[in-house]
1. Provide the gained length on full extension for the span Ala564 to Val38, in nm with one decimal, where the gain is 0.36 nm per separating residue minus the Cα-Cα distance.
2. So what is Rg over Rh here for region 216-431, counting just Cα atoms and using Kirkwood for Rh?
3. Roughly what would the spin-label model give for Tyr16 and Lys432, points 7 Å off Cα along C-beta, in nm?
4. Within 9 Å, Cβ to Cβ, of Asn384, how many net charges do the neighbouring residues add up to if Lys/Arg are +1 and Asp/Glu are -1?
5. Cut-off under 19 Å on the C-alpha distance; same-chain residues fewer than 8 positions from Lys329 excluded. Which aspartates and glutamates are left, in chain and number order?
6. Going by a ≥ b ≥ c, the root eigenvalues of the Cα gyration tensor, does region 527-614 fall in the rounded group (a/c under 1.5), the prolate group (a/b larger than b/c) or the oblate group?
Amino acid sequence: MSEQRYRIVFRGGLRYGFEVEEVKQNLQRLCRYDQATVDKLFDGRCAVLKSGLDEAGARRYQAALDRTGAEVAIETMPVAAPAVAVAKNFRCPKCGFPQERGLSCVQCGLVFSKFEQRSRRAEEPPVKPGKPPEAEAPEDAGHFSRHPERAFLLKAFGMILAILFLRQFLSGGLLIIAFFLFPVLFLVYIRLHAVTSGEDPSAVLAQHITFMPVMYAEGERRREGQTWVTYGLILLNVLVFYGFELRVSSDLLVNNLLFLPRHPNLWNVPLSLFSSLFLHAGNGHLWGNMLFLWAVGTVVERRIGSGRFLAFYLLLGVAANLFGAAVHKLFMGATLHALGASGAIAGVMGVFAVRCYFKSMVFPLPILGIFSLILPVSLKVRLNSLVIIGLFFLGNLSGGFSQLADGAVGGVGHWIHIGGMLAGIGLAMFFKLGDQAVEERHLEIGAAALEGGRVNLNEGEESLRRMLRQDPQNTEAMLLLARLLSRFGACDEGRQLYARAIDRLSRTDPPQAMQAFCEYCQDYFTAIEPAVQFRLAELFRRDGDLETASRCLEQLNEDRQLPADLREKVLFQYARILDELGFAEVALGYYRNLVEHFPASVYIPKVQARLARA
């Protein structure tokens with residue numbers, strides 16, 4: 001067999017009938033280049049897209065690239081670097097071949113931009129050199145470095161105190177003045193930010209405003225699950241209020257369905273524990289509760305599941321009613337007669353405080369002052385959910401003690417809210433939802449670091465390593481850390497993490513496994529564990545991506561250490577895919593190879609039938 005190798009070269013030419021933008025998009029999809037790399041391909045220089053191929057492999061790559069509209073050429077690769085008659089002012093840092101500086105080496109195909117990124121990454125001092133994922137935090141580190149969750153909680157409580165102090169300071173006339181001056185100050189800030197950052201003022205404004213008039217959780221991924229129970233509860237409350245409560249006599253409601261009923265008996269007392277959760281005193285009471293239920297219920301339900309959420313909601317509503325009734329009877333000597341979903345919703349907020357303590361809530365603050373009543377444009381004030389829930393709890397605690405001091409029985413059910421929230425916190429801690437929250441928080445920090453947001457790479461890496469120390473088998477943490485470590489080029493740890501994550505995902509989440517493998521191939525040119533890569537080839541084939549499936553099998557077939565039983569399967573599948581791709585002559589060669597080396601193979605009848613048709 002000849003040792004001659006070939007490379008695929010692109011000089012910016014297009015096939016007949018294709019436009020530049022169309023070809024760029026096709027190349028991005030096929031080769032998974034980023035936009036900057038694709039743009040460089042069309043700067044008029046010679047670019048090596050693939051090198052080190054045998055003749056059959058080069059023909060396959062050329063055929064695939066022809067379908068993108070890019071006009072590529074197959075060139076033979078010199079066995080040794082020839083003498084250069086004309087002096088070149090640049091040498092490839094990998095093979096030393098003299099040439100003009102371009103996108104990639106014309107000899108070995110090295111992409112210079114990736115090599116430079118990898119070199120810069122290597123020169124930076126690592127955060128924790130040689131530290132394995134399972135290593136523990138050093139004992140001499142600061143207390144909050146070893147216990148980051150405590151630092152997080154401390155910051156939240158500090159923010160609560162600051163808001164309480166500011167509210168006290170801005171009370172009265174200062175608050176009214178601030179309300180009218182705020183729009184002007186906000187627009188001045190937007191203008192200054194745009195000038196200093198060089199961004200368009202309208203773009204800066206869009207980042208800081210919202211048309212949502214109510215509080216909501218930021219950064220929720222809709223794919224995480226449906227929230228049918230939350231929306232069902234909202235619909236049920238609305239139907240009960242407008243379809244039942246407004247149509248029946250108030251005596252029926254007061255005497256039987258409030259908790260506690262004014263005329264208690266054996267059947268209406270237990271019924272009122274639940275019926276009171278779906279009754280409301282008016283439109284404002286109803287819709288205020290429903291907005292809070294939507295804001296916190298959808299977030300909690302996605303994480304704990306619909307069945308558990310419904311059970312929690314009803315149980316916490318009952319607990320809130322019982323707690324409120326007990327406080328009224330023991331400390332005020334009065335019988336509670338309450339209605340509303342706020343006790344159950346406060347309970348969900350307690351669960352939220354444990355399971356979603358890290359979430360940011362967007363609190364809309366009107367930026368047009370009094371004109372916001374006409375045009376509902378609000379400033380996005382981002383607050384940690386613990387701050388909002390903490391202020392809610394302290395407000396109810398203050399109101400509850402005022403009720404005890406004044407002996408006031410009616411009005412807002414502060415003690416129902418407090419009871420529901422305490423019950424929610426206790427229930428969430430009993431089911432250890434806080435452990436899941438810590439895991440999700442660190443995964444979100446790692447994901448935010450990858451997206452290049454407000455989290456730096458070192459912080460994201462540390463969070464993901466902490467997650468793997470706690471759970472070495474966490475596939476999502478493995479994959480995120482692999483992406484983070486491979487951000488500026490290949491590294492051994494990134495390769496190992498990718499391989500482990502792909503192995504696990506290929507069994508549990510095939511689409512994500514295929515996506516992760518395509519990412520892996522952009523930075524790492526070595527095969528992963530053979531059995532896993534063969535499994536991936538089959539997944540790509542079933543998904544209709546025959547090009548990637550053939551590359552997986554081609555890489556395996558070139559492995560001289562491949563076990564014989566697996567090589568038999570690889571040869572057969574590779575030949576079949578080449579047949580489907582239209583490379584019949586090449587496929588026949590692999591079929592004959594299979595017959596020659598594995599004459600007792602179970603695939604022989606199919607192979608012989610195919611050879612007979614040739």
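1. Length gained, Ala564 through Val38: 185.3 nm.
2. 0.98
3. About 6.9 nm separates the two model spin labels.
4. +3
5. Those aspartates and glutamates meeting the cut-off are Asp406.
6. Oblate is the answer for region 527-614, as a/c is 1.5 or above yet b/c matches or exceeds a/b.
Quick note: the coordinates plus some simple rules give every number you see, no bench work behind them. Fair warning: this is a prediction, and the values are worked out from it, not measured in the lab. Ideal geometry is used to build each Cβ from the backbone, glycine not excepted, and the neighbour counts take in all protein chains shown.
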